[in-house]
Amino acid sequence: MKNKLTSIFVLISLLLSLFLINFVSATGEQISVTLQSQSPDPVEPGQTVVLKFKVENSGQESTKDTIVKIVPKFPFTIYGDEAEKNIGKLRASSTGADSEIVEFKLKVDENAVEGEVGIDLIVSMGDVGRAYTNGELTIDIQTQDAVLDITSITSEPKQIAPGQNAIIKIMVKNLADSLLKDIKFKLDFSGADIPLAPYQSSSERRVANLKTNYQNSLEFNIIADPSATPGLYKVPLNITYNDEKGNAYSVSDILAITVGEVPDVKIYIKKSDVLQDNNAGKVTIELANAGSSNVKYMELYLLPSEDYTLVSTTDYFYLGDVDSDDTESEEINIFINNGVDKLNLPIQIKYYDANNKEFQQTVDLEMELYSSSKLKKYGVVESSNTWMFFVLIILAIGGYVYYKKFYKKKKKA
C-alpha cells in the first residue's frame, strides 16, 4: 500500500511540474534562468561562493511577482543570505542587459568533493513556476592544489658506507579529489658536494597515473663514492604531474641521505703486570678503531666485578677522539681477589660516530691467571735458590762442628 501511495505521489508531482511549465509558457511569459557567474571560480571546499543567476523573459510582461528560490543540498548551505528572493514583475522581452540578476551566497562544506556539482533552483510566479534540477545548473568545486603527498622515505641500509650502494624507497599518495597523471620523479645528484650517484639505474622514475587516495612506491638504487666523507647529504627531489583538467604542478623537496658506516671498535687487554690472584698490579686496556670512520667523545667505564678490587682512584676514563686505524689505551690499578682462576674485567664504552650518532658497547675482558709454579715454568718469574743457601749453611755448620769435635780428640791423644 505504501509503495502504491509513493508511486501516485511521484506521478502527481511529474504531472504538476509539466503543468506548471506549460502554463508559464501559455500565459505569455517565457522564462529562462542561467548561472551567469560564480565567485570565486572555481570555489574550494570550506569557502563561500557568490552565485549570480540571470533571469530572462523573452515573452510578455509577467502579471505576478517572480520568486526565485535556491534549494541548497550537500555540500552547499545558505551563508548570511536568504534562500528566497522576490525580483518583482518581469518586463516583456527583458533579455541580455535588461535581464534580472539574482545573487545568493552559499558556503561549501569542507568535505566537498572536487567536480561540477548541481544546485537546485525554483522560479515561480504565483501558483506556477519552473524547477531547475538534475544538474541543469552546476557549480565548479576544486581543491586548491592537486596534492601529491610524500608519505614516507626509507633507505636500506639506513646509513650508506663509502663505496656501497643502497635502495631509497619513496611512498607517495594522491590526496587530490581527482586522478593525477604523468607523475615524474627526479633525484638531482649534480651538486659538487654530493658524493652520490645512481647505481645501475636512472635517477628518474615515472608513474602513469594515480587514483584518488591511492599510494605508489618508487625505488632508486644509489651508490656512495668510495672517498665520501661521512655526513648528512641533501639530495634535491623534483616532482612534476598533471591533474585531470591538464593543470601542471611542480613540487620540490629534499632527501636527507646519511653516508657513513657503523664504527668497528675493538677492546682488549694489551698487557698486565699482575698474573695471579691475591696480587695487585696494573692492567692496560686498549681500544682500537678498526673501521674507516672516526669516532669521538670516547668514554670508558670499568664495571664492578667480584674478581677484583679497584685500586685506581676512579673507574671512569675519558679517551676523546679515536681516529680510523688508531688506538687509545688506559692503565688501571687493581687487586685480584684470592681464589680467582680467570680474571673477568667488565668494560663499557660510549662514543659517537662522525654523524653524531651515539653508540655503546659492553664487553667482558677475560685473562687467565697462573699459579707460581706455572709462572716459573713459563719463565715469567725466576726460580728462587733460597733453599740451597740454607742447605749450604747447614752443611757448613755441620762440618764445623764435626771438625771441632774430632780435631780436639786427636790433639788430646
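Results for (1) more than 30 Å from A256 (Cα to Cα); (2) part of a loop (DSSP other than H, G, I, E, B); (3) modelled with pLDDT of 95 or more; (4) of a type in the set (A, V, I, L, M, F, W, C), shown as yes or no for each residue.
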| position | (1), (2), (3), (4) |
| --- | --- |
| S293 | no, yes, no, no |
| M298 | no, no, yes, yes |
| T309 | yes, no, no, no |
| Y318 | yes, no, yes, no |
| G339 | yes, yes, no, no |
| N355 | no, yes, no, no |
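Here's the yes/no breakdown for (1) hydroxyl-bearing (S, T, Y); (2) in contact (Cβ under 8 Å) with a residue 60 or more places away in the chain; (3) touching a Pro at 6+ places or on another chain (Cβ under 7 Å):
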position: Y249; (1), (2), (3): yes, yes, no
position: I257; (1), (2), (3): no, yes, no
position: G260; (1), (2), (3): no, yes, yes
position: L287; (1), (2), (3): no, yes, no
position: G291; (1), (2), (3): no, no, yes
position: Y316; (1), (2), (3): yes, no, no
position: S324; (1), (2), (3): yes, no, no
position: I334; (1), (2), (3): no, yes, no
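Within segment 171-222, which residues are among the hydrophobic types (A, V, I, L, M, F, W, C), over 21 Å from T151 (Cβ atoms) and touching a residue at least 12 places away in the same chain (Cβ under 8 Å)?
Once the filter is applied, which keeps residues that are among the hydrophobic types (A, V, I, L, M, F, W, C), over 21 Å from T151 (Cβ atoms) and touching a residue at least 12 places away in the same chain (Cβ under 8 Å), segment 171-222 yields F189, I194, L196, A197.
Condition first: surrounded by 13 or more Cβ atoms within 10 Å (Cβ to Cβ), outside the structural domain of F185 (by TED's automatic domain parsing) and free of Cβ contacts under 8 Å to residues at least 40 places away in the same chain. Can you find one or more residues in segment 273-283 that meet it? The answer is no; no qualifying residue exists.
The single condition among (1) surrounded by fewer than 18 Cβ atoms within 10 Å (Cβ to Cβ); (2) in contact with a strand residue (DSSP E or B) (Cβ under 7 Å, 6 or more places away or on another chain); (3) at pLDDT 90 or above that V102 does not satisfy is (1). Entry remark, segment 258-302: residues being among the β-branched types (V, I, T) and more than 38 Å from the chain's Cα centre (by Cα) number 5 in total.
The values are calculated or read from the model by the stated rules, or taken from the named source; none is laboratory data. Note that the coordinates shown come from a computational prediction; the quantities given were computed from them, not determined experimentally. Because the Cβ atoms are built from the backbone with ideal geometry, glycine has one as well, and the counts that use them run over all protein chains shown.
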